[in-house]
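Note sheet for the following structure.
Each reported figure results from applying straightforward, stated rules to the coordinates on display, with no laboratory input. Remember, predicted model here, so these are calculated numbers, not experimental data. No Cβ is skipped: glycine too gets one built from the backbone with ideal geometry, and neighbour counts run over all protein chains shown.
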Amino acid sequence: MSAANLLVASGAGLMSVLGCVHLFFTYRSNKLDPRDPAVREAMERVHPVITRQTTVWRATKGFNASHSLGLIAFGLTYGYLALQRPEVLSGSWFLLAWGMVVLLAYLALARRYFFSAPFRGVALACCLYATGWALS
């Protein structure tokens with residue numbers, strides 16, 4: 001196993017860990033709840049303009065869960081490719097570039113919409129991945 005593959009897998013794995021933590025926070029903690037209980041109560045009552053089939057609160061839970069699953073899927077896919085199918089990943093400029101684009105998009109989202117801990121985690125994942133790519 002080359003250092004390049006281990007670095008790419010490490011960056012991918014970190015994204016999966018972030019996704020798992022986010023999923024846990026979404027369903028098994030109050031970390032992502034509004035601090036003001038009245039806001040949550042309003043979110044549980046109000047429907048988005050697009051439909052009355054859900055509430056803003058339920059949609060928020062779903063968006064958080066799908067975000068988590070995206071992080072986990074990215075990490076598992078790229079981690080698998082780096083560790084089990086390195087010839088496929090290192091032989092494909094498209095896959096390597098697309099992985100970097102996705103990581104940079106998550107980095108931009110983390111910078112704009114999240115807080116420092118996820119931003120630092122995604123930044124580290126980007127650095128690991130980019131270093132692995134450069135070495136490959």
### A108, sole failed condition from (1) touching a residue at least 12 places away in the same chain (Cβ under 8 Å); (2) closer than 22 Å to L7 by Cβ
(1)
### Task
Go through region 14-68 and give me each residue that's out of contact with any helix residue (DSSP H, G or I) (no Cβ under 7 Å at 6 or more places or on another chain) and closer than 17 Å to A110 by Cα.
V17, V21, F25, F63, S66
### Task
Could you list, in sequence order, all residues of region 6-57 that are surrounded by fewer than 13 Cβ atoms within 10 Å (Cβ to Cβ) and under 23 Å from T77 (Cα atoms)?
F24
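Give region 61-72 a look and list any residue that's free of Cβ contacts under 8 Å to residues at least 24 places away in the same chain and either under 12 Å from L18 (Cα atoms) or of a type outside the set (G, A, S) (or both), or say none. Steps first, please.
Initially, region 61-72 is screened for residues free of Cβ contacts under 8 Å to residues at least 24 places away in the same chain, giving 62-63, 66.
The one that is free of Cβ contacts under 8 Å to residues at least 24 places away in the same chain and either under 12 Å from L18 (Cα atoms) or of a type outside the set (G, A, S) (or both): F63.
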### Message
Of the conditions (1) loosely packed, with under 13 Cβ neighbours inside 10 Å; (2) over 22 Å from C126 (Cβ atoms); (3) small (G, A, S); (4) within 19 Å of the chain's Cα centre (by Cα), S66 satisfies every one except a single condition; which number is it?
### Response
(2)
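Counting only residues that are among the small types (G, A, S) and closer than 14 Å to L14 by Cα, how many does region 78-131 have?
Total satisfying the criteria: 8.
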### Query
Any idea which residue in region 111-133 is surrounded by the most Cβ atoms within 10 Å (Cβ to Cβ), counting only those that are in a helix (DSSP H, G or I), free of Cβ contacts under 8 Å to residues at least 12 places away in the same chain and not charged (D, E, K, R)?
A117
